[in-house]
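Undergrad: First, the structure itself, so that you have it in front of you.
Where a number appears in this text, it was derived from the coordinates with a stated rule and is not lab data. All values reported here derive from a predicted model rather than from experimental measurement. Cβ: placed from backbone, ideal geometry, glycine included. Neighbour counts: every protein chain shown.
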Amino acid sequence: MEYQHLAHYYKGKKVFVTGHTGFKGSWLIYWLHLLGADVKGYSLAPENTFDLYNTIDGDGLCESVIADIRDTASLNEALSSFEPDFVFHLAAQPLVRLSYAIPADTFAINAIGTANLLDAVKALKKPCAVVLITTDKVYENKEWHYPYRETDRLGGYDPYSASKACAELVISSYRNSFFHPNDYSIHQKSIASARAGNVIGGGDWAKDRIIPDIVRSLAKSEIVTVRNPNAVRPWQHVLEPIGGYLHLGCKLIENPTFFAESWNFGPKSEDNLTVEELVKTALRIWGSGEYSIQTVDGQPHEAGLLKLDISKTVNLLGWQPKLDATTSIQKTLEWYLKNDQKVSGRELVEEQIISFSNE
């Protein structure tokens, strides 16, 4: 997958990004900065001073609005006053285990927040390409080896997964009701959703995510605790889906009716690894460390097997992953190792984006 074409579409364009202070949002706004885009972000404030957004000096990369996606007045004003050419919606409550603690908030943020964003887009009086990011967990997971396609049934056991499936229903409803491709000449909005696999990458410090947990443990010379060693996930480096989202945005400009659908972004089938395989690979790359498997009764349910079918995205969108699982883990850990050696985290982000774009 080549990304040299991106600057042609984004240089000098106005791009509105929700969730810009988050892990994936930070990588996205930095890439947009390198492409010469005019970026406005809308999100809650970073939780910690060491979050990636602060590391890359996010406030220097974009106009930043700190507000809640559930605050419709603030959201409408922020978007309408900016008049964007592109919208990327990443704002979310993104953690499965946290969703058990705050289920109602998770639904409100992920489902109603998406509706709020689309309401704001509906009021926009200019053409706009909109990419709404959900998750690979939107499918009704039957715990089988069959990889899920975009046409498979939506579902969700835990509140996070179900809330994201609800978000997909919201997107479909708004597309049919207000942004139908057949009426594009009237509304001039192209709406697509992106369903990405389990993302890893430098600068992620979230709780209950496997790579941050590994890095925190190894940094303290502690044994890495593994909860679900046999769980299979479509692991991918953060630049894979971010590049996919940007590429999808270009396609919505090229053909705003054909590409206004849902798209899976995941690794090749051979790069679906178990949690234990990922941990072993990470420890080998790190050069030290041990792990132990934790068996605790009463843990919240998490899916054991999940695979994505990316054939539609490969064949129709012209996107495919560039990095295998080992390389993705290696690039991720290199970021933490070099950053720990006092190399600028911002410099590392820029270096990896440029390298990835040119590979």
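Undergrad: Determine the equivalent ellipsoid of region 82-189 by diagonalising the alpha-carbon gyration tensor, then write out the semi-axes as square roots of 5 times the eigenvalues, largest first, rounded to whole Å.
TA: One finds semi-axes of 27, 17, 10 Å for region 82-189.
Undergrad: How far is it, in nm, from the label point at TYR157 to the one at THR326 when both lie 7 Å from their Cα along the line to the Cβ?
TA: 3.1 nm
Undergrad: What is the chain's relative contact order, in percent, from Cα pairs under 8 angstrom and six or more apart in sequence?
TA: 19 percent
Undergrad: Enter the angle in degrees (range 0 to 90, nearest 10) between the Cα long axis of helix 23-35 and the first principal axis of the Cα atoms of the chain, meaning the one along which they spread out most.
TA: Rounded to the nearest ten degrees, it is 60.
Undergrad: What share of the DSSP beta bridges in region 6-358 is antiparallel, in percent to the nearest 5?
TA: 10 percent
Undergrad: Among ILE112, ILE69, ILE285, whose mean-square fluctuation peaks in a Gaussian network model of the chain (Cα, cutoff 10 Å)?
TA: Taking springs between Cα atoms under 10 Å, the residue moving most is ILE285.
Undergrad: Search the structure for amide H atoms under 5 Å from the amide H of TYR291, placed 1.01 Å from N in the peptide plane, and list their residues when 5 or more places away or on another chain.
TA: Placed amide hydrogens put VAL224 under 5 Å from TYR291.
Undergrad: Just the Cα atoms of region 28-146, one point each, no solvent: what log10 I(q)/I(0) does Debye give at q = 0.10, 0.12, 0.13 Å⁻¹?
TA: -0.36, -0.51, -0.60
Undergrad: Go from 0 up to the bin containing the longest alpha carbon distance in region 1-70, width 5 Å each, and give me the % of pairs per bin.
TA: 4, 19, 29, 22, 14, 8, 4, 0
Undergrad: Okay, next question. Pairs of alpha-carbon atoms within less than 8 angstrom and 6+ residues apart define the contacts here; what relative contact order does region 112-261 have, in percent?
TA: Relative CO of region 112-261 lands at 28 percent.
Undergrad: Same structure, new question: May I ask you to list the trypsin sites (Lys or Arg not before Pro) in region 176-276 that are in a DSSP loop and have at most 11 other Cβ atoms within 10 Å of their Cβ? Numbers along the way, then the final one.
TA: Details: sites: LYS189, ARG195, LYS207, ARG209, ARG216, LYS220, ARG227, LYS251, LYS268; in loops: LYS207, ARG209, LYS220, ARG227, LYS268.
Taking region 176-276 and a limit of 11 other Cβ atoms within 10 Å, the loop trypsin sites (Lys or Arg not before Pro) found are LYS207, LYS220.
Undergrad: Can you tell me which of 94-105, 17-28, 177-188 comes out highest on packing, and rank the rest after it, using the mean Cβ neighbours within 10 Å?
TA: 17-28, 94-105, 177-188
Undergrad: For region 69-86, what does the Karplus curve 6.51 cos²θ - 1.76 cosθ + 1.60, with θ = phi - 60°, yield as ³J(HN,Hα) per residue in whole Hz, taken in order and with x for Gly and Pro?
TA: Each residue's phi maps through the Karplus curve to give 5, 7, 8, 5, 5, 5, 5, 4, 5, 5, 6, 5, 6, 8, 6, x, 8, 10 Hz.
Undergrad: Using only the alpha carbons, work out the radius of gyration and Dmax of region 114-172 in angstrom.
TA: 13.8, 45
Undergrad: Cβ under 9 Å from ASP309's Cβ, ASP309 left aside: what net charge do those residues give with Lys, Arg +1 and Asp, Glu -1?
TA: Taking every other residue near ASP309 into account, the sum is +1.
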